[in-house]
Amino acid sequence: MHHLYRQLCRDHRHMQQLLDAFDQLLQDFARRERDPGTLGLILDALDYISVYPDRWHHPVEDLAMERLRTRPGARLAPVNKTLAEHRAITAATRRMNTLFYAIANDAAVEREQLFGPAREYLSLQRQHMERENREVFPQFERLLTEEDWQAIEQQLRFQQDPLFNTDIRGLFESLQHYIANLHLDACVGT
């Protein structure tokens with residue numbers, strides 16, 4: 001399988017780890033006694049989502065889905081829903097950024113105005129990836145050829161994942177450390 005397809009699959013595993021960490025950070029943030037660094041990690045997570053999935057991962061998927069739309073036997077309903085959701089996820093990420101940066105700037109935000117949309121955001125992200133994994137990615141694997149992936153690759157400018165790539169993850173080092181420890185804690189707890 002082409003390396004772009006493998007990267008999309010790897011991105012989903014990484015994004016699930018990030019969403020799990022974001023969920024835990026939200027739970028920590030809701031407590032009265034919390035680590036003062038929690039808000040910074042939440043902002044880092046949202047910045048990461050704005051930088052990598054919205055600017056590289058989703059555009060690659062979009063190009064692959066556009067090619068998929070031309071293939072006989074492609075199931076277009078999940079493809080069309082996924083394409084529309086990419087725009088909705090980008091807008092939802094912007095809204096989350098706005099809310100949490102307002103808090104960072106000492107604006108008063110009611111708990112339900114913050115945590116209700118944050119829970120909806122997590123749900124949107126998780127449902128979206130689940131549908132892609134179940135209904136879109138198998139079509140990529142079955143219907144797209146090596147030539148399709150090479151054509152997609154030619155349309156892209158190479159960009160590395162800033163959170164999970166060891167060469168440039170310094171930008172998100174605190175967040176990566178938090179995710180690694182969260183994963184270790186989950187393994188020890190089972």
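The values are calculated or read from the model by the stated rules, or taken from the named source; none is laboratory data. As the structure is a computational prediction, the values presented were derived from the model and not from experiment. Because the Cβ atoms are built from the backbone with ideal geometry, glycine has one as well, and the counts that use them run over all protein chains shown.
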In the set Leu68, Leu19, Leu4, the lone residue that is within 23 Å of Tyr178 (Cβ to Cβ) and crowded, with 17+ Cβ neighbours inside 10 Å is Leu19
Q. Right, Thr82: in a helix (DSSP H, G or I), β-branched (Val, Ile, Thr) and surrounded by 17 or more Cβ atoms within 10 Å (Cβ to Cβ) or not?
A. yes
Of Arg131, Arg67, Arg87, the only residue that is in a helix (DSSP H, G or I), within 29 Å of Trp149 (Cβ to Cβ), touching a Lys or Arg at 6+ places or on another chain (Cβ under 8 Å) and of a type in the set (D, E, K, R) is Arg131
By residue number, the members of the stretch 85-101 that are in contact with a His (Cβ under 9 Å, 6 or more places away or on another chain) and surrounded by 13 or more Cβ atoms within 10 Å (Cβ to Cβ) are Glu85, His86, Ile89, Thr90
For the stretch 102-128, the count of residues that are within 20 Å of the chain's Cα centre (by Cα) and either surrounded by 13 or more Cβ atoms within 10 Å (Cβ to Cβ) or assigned to a loop (DSSP other than H, G, I, E, B) (or both) equals 11
Of the residues in the stretch 1-29, those that are hydrophobic (A, V, I, L, M, F, W, C) and modelled with pLDDT of 90 or more come to Leu4, Leu8, Cys9, Met15, Leu18, Leu19, Ala21, Phe22, Leu25, Leu26, Phe29
Test result for Leu39, surrounded by 18 or more Cβ atoms within 10 Å (Cβ to Cβ) and either closer than 17 Å to Leu99 by Cα or over 16 Å from the mean Cα position of the chain (by Cα) (or both) = no
Test: Val51 is closer than 30 Å to Glu147 by Cα, out of contact with any strand residue (DSSP E or B) (no Cβ under 6 Å at 6 or more places or on another chain) and at pLDDT 90 or above
no
Can you find a residue in the stretch 89-97 that is of a type in the set (A, V, I, L, M) and within 20 Å of Gly40 (Cα to Cα)? yes
**Asked** Mind checking whether some residue in the stretch 63-84 is of a type outside the set (Phe, Trp, Tyr) and within 22 Å of Ala30 (Cα to Cα)?
**Response** no
